[in-house]
Amino acid sequence: MKGMTVANKTVTITDNESGKSWTYPKMSGSTGPDVVDIRKFYADTGMFTFDPGFTSTGSCESKITYIDGDKGVLLHRGYAIEELAENCNFEEVAYLMLNGELPNEAQKDKFEHDLTYHTMLHEQVHSFYSGFRRDAHPMAVMCGAVGALSAFYHDSLDINNPEHRKIASYRLIAKIPTIAAWAFKYSIGQPFMYPRNDLGYAENFLHMMYATPCEDYQVNPILAKAMDRILILHADHEQNASTSTVRLAGSSGANPFACIAAGIASLWGPAHGGANEAVLNMLKEIGSKDKIGEFVKRAKDKNDTFRLMGFGHRVYKNYDPRARIMSRTCHEVLVELGIKDNALLDIAMELERIALEDDYFIQKKLYPNVDFYSGIIFQAMGIPVTMFTPLFALARTTGWIAQWNEMIEDPQNKIGRPRQLYTGQTVRKYVPLKKRK
Ligand code: CMC
């Protein structure tokens with residue numbers, strides 16, 4: 001369905017200064033809160049709306065992901081994240097994101113085949129890597145390498161051509177594991193491993209991360225299964241900062257490789273995808289259970305910039321459903337790997353218990369989010385801390401691409417161009433250099 005305007009549903013805004021009133025239609029989606037259509041607001045009133053951080057603003061219509069933050073519900077194309085994580089592989093979820101329906105067997109085989117045959121990078125991308133310092137953060141390398149793809153794949157840059165869009169989408173989803181794994185290989189000075197066509201998406205990524213040309217490497221099926229689930233949990237999350245960045249970049253007509261590079265840059269921050277790395281660093285800094293109280297106190301102190309990383313969310317005012325699955329997966333992985341004692345997990349669980357019983361966190365409805373447990377699993381899987389956020393970027397590329405395609409196909413799409421409340425100097429006379437104080 002399209003967002004619908006309902007005849008008798010309107011909102012009237014009154015300017016108490018002039019006494020004038022204006023009426024705006026309300027639009028209803030298939031579920032979730034109604035929105036007020038204020039597209040004519042400026043033309044009617046000569047005023048803008050003011051909403052820093054977009055806490056009350058819907059920027060687009062979308063059919064991909066739905067979140068009910070109060071109930072802790074996450075649906076992709078109508079399917080609950082719990083069911084997708086339990087029953088699908090990542091490729092099926094990627095197909096669902098892109099096409100709106102889960103694939104049948106033939107569609108799944110074809111999609112996996114098509115992705116597989118786009119996993120290699122242009123050979124010259126190799127030399128692109130050597131321009132980076134070895135100690136560059138893999139997210140820095142990913143921003144650069146993904147942005148550079150537009151210089152290599154000129155045959156998929158026409159955003160108005162559906163076939164170009166499709167090839168670019170497949171290329172990005174298929175090549176991003178290669179790009180991420182190579183960023184890691186480069187950082188430790190090992191040779192790049194080429195993708196293998198006989199492996200699934202998650203398995204192939206682990207192969208490119210850990211295999212070397214010197215000996216056979218068998219991907220541990222437990223780790224491959226866990227990685228697949230983690231990728232599903234991160235695949236999309238409606239109009240978050242990085243997705244909105246991708247849409248905003250794309251609204252100007254920029255090519256998809258450039259848009260995804262912008263999304264990676266936005267994801268990197270610690271308030272967003274960078275939180276998984278920050279959680280692990282925080283747990284290490286806490287160091288032992290007896291120090292938890294001290295850190296919780298700091299998180300509550302208005303004069304301290306410290307926050308409990310992996311806690312809180314703009315939309316969820318309940319337990320993030322992804323965190324619940326992540327926590328369960330974390331325990332399963334540790335059991336399957338025979339890891340009995342994990343000091344960081346013990347600290348995390350105790351921190352969660354203390355925070356969830358604390359008035360500050362209860363009142364502000366701050367619950368663990370997806371990043372709270374993911375770092376502990378990644379660490380148990382032997383993934384270095386600096387690769388945590390690249391893994392998030394790898395998984396989220398699917399969501400970004402699905403959202404980018406949806407935007408391009410949307411007839412309502414316009415260049416994103418917010419306005420502002422200007423509080424700077426008004427017009428003043430130019431002062432020549434020699435006369436300035
Ligand atoms: N620790 C302590 N206090 C917090 C925390 C936290 N983690 N998160 C929010 N608060 C407080 C905040 O100080 C504010 O208090 P007050 O109303 O007294 O000023 C109140 O809760 C509301 O916070 P906000 O910053 O206005 O909320 P927001 O919706 O703008 O921010 C957030 C959401 C996720 C950026 C924030 O909760 C945060 O910084 N969390 C830690 C970083 C993190 O875990 N990020 C991952 C998010 S989930 C995955 C993803 O999106 O990538």
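The table for this structure:
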| item | result |
| --- | --- |
| Checking VAL335 against (1) touching a helix residue (DSSP H, G or I) at 6+ places or on another chain (Cβ under 9 Å); (2) under 29 Å from GLY293 (Cα atoms); (3) modelled with pLDDT under 90; (4) aliphatic (A, V, I, L, M), the condition it does not meet | (1) |
| Residue count, the range 326-345 (criterion: under 19 Å from GLY287 (Cα atoms) and more than 27 Å from the chain's Cα centre (by Cα)) | 5 |
| Filter result for the condition that a residue is under 24 Å from the mean Cα position of the chain (by Cα), open to solvent by 40 Å² or more (accessible area, probe 1.4 Å) and under 30 Å from LEU366 (Cα atoms), over ASN87, ASN99 | ASN87 |
| 1 or more residues farther than 19 Å from VAL146 by Cβ, open to solvent by 10 Å² or more (accessible area, probe 1.4 Å) and charged (D, E, K, R): qualifying helices (runs of 4 or more DSSP H) within the range 200-304 | 201-210, 221-233, 275-286, 292-300 |
| Which listed residue is over 20 Å from the mean Cα position of the chain (by Cα) and open to solvent by 80 Å² or more (accessible area, probe 1.4 Å), from SER18, SER30 | SER30 |
| Candidate set: the range 273-306, residues that are without any contact (Cβ under 8 Å) to a residue 12 or more places away in the chain and over 17 Å from ASP359 (Cβ atoms); chosen: the one nearest to the ligand (Cβ to nearest atom) | PHE306 |
| Candidate set from the range 404-430 (those that are farther than 28 Å from GLY46 by Cβ and aromatic (Phe, Trp, Tyr)); member that is least open to solvent (accessible area, probe 1.4 Å) | TRP404 |
| 2 or more residues within 16 Å of the ligand (Cβ to nearest atom) and among the small types (Gly, Ala, Ser): qualifying helices (runs of 4 or more DSSP H) within the range 338-405 | 343-357, 371-380 |
| Conditions (1) within 16 Å of the ligand (Cβ to nearest atom); (2) among the hydrophobic types (A, V, I, L, M, F, W, C); (3) over 30 Å from ALA202 (Cβ atoms): number failed by VAL36 | (1) |
| Leading residue by the ranking (farthest from ALA323 (Cα to Cα)) among those in the range 217-252 that are of a type in the set (S, T, N, Q) and within 16 Å of the chain's Cα centre (by Cα) | THR245 |
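Conditions (1) open to solvent by 20 Å² or more (accessible area, probe 1.4 Å); (2) among the acidic types (Asp, Glu), marked per residue:
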site	(1), (2)
THR119	no, no
GLU123	yes, yes
SER130	yes, no
PRO138	no, no
LEU149	no, no
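The values are calculated or read from the model by the stated rules, or taken from the named source; none is laboratory data. All values derive from a computational prediction rather than experimental measurement. Using ideal geometry, Cβ is built from the backbone for each residue, glycine included, and neighbour counts are taken over all protein chains shown. SASA here: full protein model, heavy atoms, side chains in, ligands and nucleic acids out. Shrake-Rupley method; radii C 1.70, N 1.55, O 1.52, S 1.80 Å.
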